[in-house]
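Below is one structure; the comments refer to it alone.
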Amino acid sequence: MSPTRPLLRRDERRAQLLRSAAIAFAHQGYAATSVDDVAKAAGITKLIVYRHFESKDHLYRCVLEEVSARLAEVWTEERAHESRYGAPTRTLLQVGREHPDGFRLLFVHAARETDFASFAEDFRTLQVALADELIGAMIADEALRRWATATAIDHLVTAVLRWLEIGDPDDDEQWIPVATAGLVASINAWADPGPVLAALGAEQASADGSAA
């Protein structure tokens, strides 16, 4: 006799399906993943999947929407803690821990999927606008400002993705200020490279003098 499938509330079942879909899509890709795959991963029938989601496209889009909505929620909470250091880093890492596969779909895979590239592009536009709000005023040159805001986003997202792969969750609180400090140092150098260039020049002069 087969074991009885656990009965879940509708919201619990939906959350389970989104987690299972995120895992399948992140590991197999959109084209190679079927609704049957998601159903099997969740331990249910395909019919139950269709009770919650209209299609595979709907499933994928709902994963993206869930992760982006959670990011907005955590960011709002972090902004309320004005004295806490590293709000952008903490926001990304917290949601990445909660939804690792959905997080990777949103930040890595969606832009490569024709059906979801526009979603990824719109999300990216929001990120750039937020980065510009936070650091843009530090950089007067328009081209450099656009480059810096986009690069800061790329740096932080990549840093979080790498930490999710190799970092121990118990070390997250120690990692957040380290990662944030590195990014802040880069932004400060982009805004005013003079001190860094002067230090490099002095170091080179010292090296040349020692060699002589």
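The values are calculated or read from the model by the stated rules, or taken from the named source; none is laboratory data. Keep in mind the model is a prediction, meaning the values are calculated, not measured. A quick note on method: Cβ atoms are made from the backbone with ideal geometry, for glycine too, and the neighbour counts reach across all protein chains shown.
Considering only the stretch 82-138, state which residues are in a helix (DSSP H, G or I) and basic (K, R).
Keep residues of the stretch 82-138 that are in a helix (DSSP H, G or I), which gives 87-98, 100-112, 117-138.
Within the stretch 82-138, R90, R97, R104, R112, R124 meet the criteria.
Can you say whether A69 is in a loop (DSSP other than H, G, I, E, B) and out of contact with any helix residue (DSSP H, G or I) (no Cβ under 6 Å at 6 or more places or on another chain), as far as the supplied structure shows?
Values: in a loop (DSSP other than H, G, I, E, B): no; out of contact with any helix residue (DSSP H, G or I) (no Cβ under 6 Å at 6 or more places or on another chain): yes.
No: the conditions fail for A69.
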(message) Suppose the filter is surrounded by 13 or more Cβ atoms within 10 Å (Cβ to Cβ), within 9 Å of the chain's Cα centre (by Cα) and among the charged types (D, E, K, R); does R90 pass it?
(response) no
(message) Can you go through R61, R104 and tell me which one is more than 23 Å from A159 (Cβ to Cβ), modelled with pLDDT of 95 or more and not small (G, A, S)?
(response) R61
(message) For the stretch 75-110, which positions are in contact (Cβ under 8 Å) with a residue 60 or more places away in the chain and among the small types (G, A, S)?
(response) G86, G96, G102
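When you scan the stretch 29-40, do you find a residue that is closer than 30 Å to L130 by Cβ, of a type in the set (D, E) and without any contact (Cβ under 8 Å) to a residue 40 or more places away in the chain, even just one?
Step one: list which residues in the stretch 29-40 are closer than 30 Å to L130 by Cβ, which gives 29-30.
When the remaining residues are screened for being of a type in the set (D, E), the result is none.
No: zero hits.
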(message) I'm trying to understand the selection: among the residues of the stretch 148-174, which are in contact with a helix residue (DSSP H, G or I) (Cβ under 8 Å, 6 or more places away or on another chain), without any contact (Cβ under 8 Å) to a residue 40 or more places away in the chain, of a type in the set (A, V, I, L, M, F, W, C) and farther than 15 Å from V108 by Cβ?
(response) A150, A152
(request) Could you tell me whether A159 is under 28 Å from N188 (Cα atoms) and crowded, with 18+ Cβ neighbours inside 10 Å? (result) yes
(message) Among the listed residues L130, L164, L134, identify the single one that is touching a Gly at 6+ places or on another chain (Cβ under 6 Å) and under 30 Å from A26 (Cβ atoms).
(response) L164
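Given A131, A120, A140, which one is touching a residue at least 12 places away in the same chain (Cβ under 8 Å), of a type outside the set (V, I, T) and more than 20 Å from A21 (Cβ to Cβ)? Steps first, please.
Working: A120 fails: more than 20 Å from A21 (Cβ to Cβ); A140 fails: touching a residue at least 12 places away in the same chain (Cβ under 8 Å).
Result of the check over A131, A120, A140: A131.
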(message) Return the pair list, or none, for Cβ contacts closer than 7 Å from residues in the stretch 180-195 that are within 14 Å of Y85 (Cβ to Cβ) and surrounded by 15 or more Cβ atoms within 10 Å (Cβ to Cβ) to residues that are modelled with pLDDT of 90 or more and not small (G, A, S), at least 6 apart or on different chains.
(response) T180/T89; L183/H155; L183/L156
(request) Hey, can you tell me all the residues within the stretch 100-130 that are closer than 17 Å to A69 by Cβ, more than 10 Å from the chain's Cα centre (by Cα) and not aliphatic (A, V, I, L, M)? (result) D101, F116, F119, D122, F123, R124, T125, Q127
